[in-house]
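A.B. asks: The structure's right below; bear with me while I get my questions together.
The values are calculated or read from the model by the stated rules, or taken from the named source; none is laboratory data. Nothing here was measured: the structure is a model prediction, and the numbers come from that model. Neighbour counts run over all protein chains shown; Cβ positions are idealised from the backbone, glycine included. Ligands, DNA and RNA are stripped out before the accessible areas are found, and what is left, the full protein with its side chains, is counted by its heavy atoms. Shrake-Rupley method; radii C 1.70, N 1.55, O 1.52, S 1.80 Å.
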Amino acid sequence: MLIDKNKSASGNEHIDPRQWVKKYADYLYTYAVTRINDEEQARDLVQETFLAALEKVKNFEGRSSESTWLTAILKNKIIDIYRKKSSGLLKKTDVADAETAQKDFFDPDDGHWNEEFRPREIGVEEDLLVSAEFSIIFQKCMEKLPALWSSVFAMKHMDEELTENICEALKITPSNFWVIIHRAKLNLRACLQKNWI
Amino acid sequence: MNSLKGIIYNCRQATFLIEKKQIKKLTFRENVELRIHLTGCSVCRVFQKQSILINRLVKNLIHDSHNKDRKLDDNFKKNLQDKIEDELNKNK
């Protein structure tokens, strides 16, 4: 996280848009690219964030730090992208495809794991924590998920958003949320296993 | 016993509860059902271990990326700086 050294004891601080690029551009870019995995779009978002912030500068009341405030603006823009991606025409087909893909995981009659899809011990778990490869494989597996599923997964497991906020932002019901959380992990884990070995 | 049968033998339902549990407290009943299932099902125990690991790795990934900022190229930054200056001067 960014540590803001300019913050005064009262919580008020001076806003200086001329310093934004120098102080926050790389940070905001990294924040965006980790979540949407598209460098060009992430760059655009950084620009949009600064321009939107300039318009709102007068309303900034210093209740949060400058960096927190800018990150919040960016975050809302990312949620807009999640929303757009997951409500487009593609939504129905990509969800249907992903559901078909995992139909084979379990026996339709008794709900047991089918032999071929059983999770297997990988035995190198701790190595993965420091593996740079993980982030590459993980991004690829995230991309294979339907947009709605990866959005729900990212909002919950990356940003730890409240479930009710996710449901509201992405226009899904709570029971839908739990189904998606489950299915996203089933597919993600299967994809990771395939690529780990 | 009959109502328990559903979960005891059902890995799909057990993995659902494994996911739910990592986000929200399960009800007493759900907890008991999951425990019974996991006692008898080594495959779902592996699933649970890996699922928890994945969540940990994802958090790590986010945390790490904050420590190692990716860099925007200088040209883009310069343009951005100019745009901000323009906006500021416009409002003077």
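A.B. asks: May I ask you to compute the full-extension gain from A:Ala52 to A:Glu168, defined as 0.36 nm times their residue separation minus their alpha-carbon distance, rounded to one decimal in nm?
C.D. replies: On the way: separation 116, 0.36 × 116 = 41.76 nm, distance 2.31 nm.
Separation in residues times 0.36 nm, less the Cα-Cα distance, equals 39.5 nm.
A.B. asks: Next question, about the same structure. Explain nothing, just the number: dipole magnitude of region A:17-86 about its Cα centre with +1 on each Lys and Arg Cβ and -1 on each Asp and Glu Cβ, in debye rounded to the nearest 20.
C.D. replies: Working: 13 positive and 10 negative charges, 43 e Å.
Here the size comes out at about 200 debye.
A.B. asks: Considering only protein heavy atoms, what is the solvent-accessible area of A:Tyr82 at a probe of 1.4 Å, reported in Å² to the nearest 10?
C.D. replies: 10
A.B. asks: Another one. Residues of B:47-59, mean number of Cβ from any other protein chain within 10 Å of their own Cβ, rounded to a whole number? It would help to have the intermediate numbers written out before the result.
C.D. replies: On the way: counts 6, 1, 4, 10, 5, 1, 7, 9, 5, 4, 9, 10, 3.
Taking the mean over all residues of the peptide, I get 6.
A.B. asks: If you don't mind, there's one more thing I want to ask. Report P(r) for region A:89-196: all Cα-Cα distances, bin width 5 Å, range 0 to the bin holding the largest distance, values in whole percent.
C.D. replies: Taking all Cα pairs of region A:89-196, the binned fractions are 2, 11, 19, 21, 20, 15, 9, 2, 0 percent.
A.B. asks: Which value, in Å² rounded to 10, gives the accessible area of A:Asp159 with a 1.4 Å probe and all protein chains present?
C.D. replies: Surface accessible to solvent at A:Asp159 totals approximately 40 Å².
A.B. asks: I need the calculated FRET efficiency for the pair B:Ile23 and A:Phe60, taking r as the beta carbon distance and R₀ as 35 Å, to the nearest 0.05. Mind showing how you got there, number by number?
C.D. replies: Values: r = 33 Å, r/R0 = 0.96.
My answer for the efficiency is 0.55.
A.B. asks: Per residue of the protein assembly as shown, what 222 nm ellipticity follows from adding -39500 (n - 2.57) for every DSSP H run with n ≥ 4, rounded to the nearest 500?
C.D. replies: Values: 14 runs with 201 residues, N = 289.
It lands at -22500 deg cm²/dmol.
A.B. asks: Each residue of region A:58-65 in turn: what ³J(HN,Hα) in whole Hz from Karplus with 6.51, -1.76, 1.60 and θ = phi - 60°, glycine and Pro shown as x?
C.D. replies: 5, 8, 5, 9, x, 6, 10, 6
A.B. asks: Sticking with this one: Roughly how much of B:Leu26 is accessible, in Å² to the nearest 10, using a 1.4 Å probe?
C.D. replies: Rounded to the nearest 10, that gives 10 Å².
A.B. asks: Sticking with this one: Using only C-alpha positions, report the orientation-averaged shadow area of the convex hull of region A:17-86, nm², one decimal.
C.D. replies: Numbers: hull surface 18.7 nm².
Taking a quarter of the hull surface, the average projection is 4.7 nm².
A.B. asks: Translational diffusion coefficient of region B:2-90 at 4 °C, 1.567 mPa s, Stokes-Einstein with Kirkwood Rh over Cα pairs, in µm²/s as a whole number. Intermediate results must be reported in sequence, preceding the final value.
C.D. replies: On the way: Rh = 16.9 Å.
Answer, rounded: 77 µm²/s.
A.B. asks: Looking only at A:Gln41, A:Gln19, A:Gln139, which one moves most when chain A is put into a Gaussian network model with springs between Cα atoms under 10 Å?
C.D. replies: A:Gln19
A.B. asks: Let me ask another. At a Förster radius of 35 Å, what calculated FRET efficiency corresponds to the Cβ-Cβ distance of A:Asn76 and A:Asp107, to the nearest 0.05? The partial results should precede the final answer.
C.D. replies: Details: r = 43 Å, r/R0 = 1.24.
It comes out at approximately 0.20.
A.B. asks: Computed over the Cα atoms of region B:43-92, what is the convex hull's projected area averaged over all directions, in nm²?
C.D. replies: Working: hull surface 23.6 nm².
The Cα convex hull of region B:43-92, projected and averaged over all directions, gives 5.9 nm².
A.B. asks: Probe radius 1.4 Å, ligands and nucleic acids left out: can you give me the accessible area buried at the A-B interface, summed over both chains, in Å² to the nearest hundred? Before the final figure, lay out the partial values.
C.D. replies: Working: alone 13090 and 8260 Å², together 16180 Å².
For A against B, buried area totals roughly 5200 Å².
A.B. asks: Sticking with this one: State in Å² the accessible area per residue of region A:89-196; use a 1.4 Å probe, count heavy atoms of protein chains only, and round to the nearest integer. The partial results should precede the final answer.
C.D. replies: Numbers: 5830 Å² over 108 residues.
I get 54 Å² per residue for this part.
A.B. asks: What is the spin-label model distance, in nm, from B:Ser42 to A:Asn37 if the labels are put 7 Å beyond Cα along the C-beta direction?
C.D. replies: Once both label points are built, they end up 3.3 nm from each other.
A.B. asks: Considering chain A as a Gaussian network with a 10 Å cut-off on Cα pairs, which listed residue, A:Asp80, A:Asp110, A:Asp38, attains the greatest mean-square fluctuation?
C.D. replies: Evaluated over chain A, the most mobile residue of the options is A:Asp110.
A.B. asks: When the accessible area of region A:17-86 is computed with all protein chains present and a 1.4 Å probe, what percentage of it is carbon and sulfur? Write out the running numbers ahead of the final one.
C.D. replies: Numbers: 1350 of 3180 Å².
That share works out to 42 percent.
A.B. asks: Between region A:161-197 and region A:27-75, what is the separation of their alpha carbon centroids in Å?
C.D. replies: Measuring centre to centre over Cα atoms gives 25 Å.
A.B. asks: How about the protein assembly as shown: what cysteines have no other cysteine beta carbon under 4.7 Å from their own?
C.D. replies: Those would be A:Cys167, B:Cys11, since no other cysteine Cβ in the protein assembly as shown comes under 4.7 Å of theirs.
A.B. asks: Kirkwood Rh, Cα Rg: Rg to Rh for the protein assembly as shown? Could you put the intermediate results ahead of the total?
C.D. replies: Values: Rg = 22.1 Å, Rh = 21.2 Å.
Reported Rg/Rh (Cα atoms, Kirkwood Rh): 1.04.
A.B. asks: Ignoring the sites themselves, what is the longest stretch of chain A with no GluC sites (Glu not before Pro) in a DSSP loop and at most 12 other beta-carbon atoms within 10 Å?
C.D. replies: Values: sites that count: A:Glu61, A:Glu121, A:Glu160.
That would be A:1-60.
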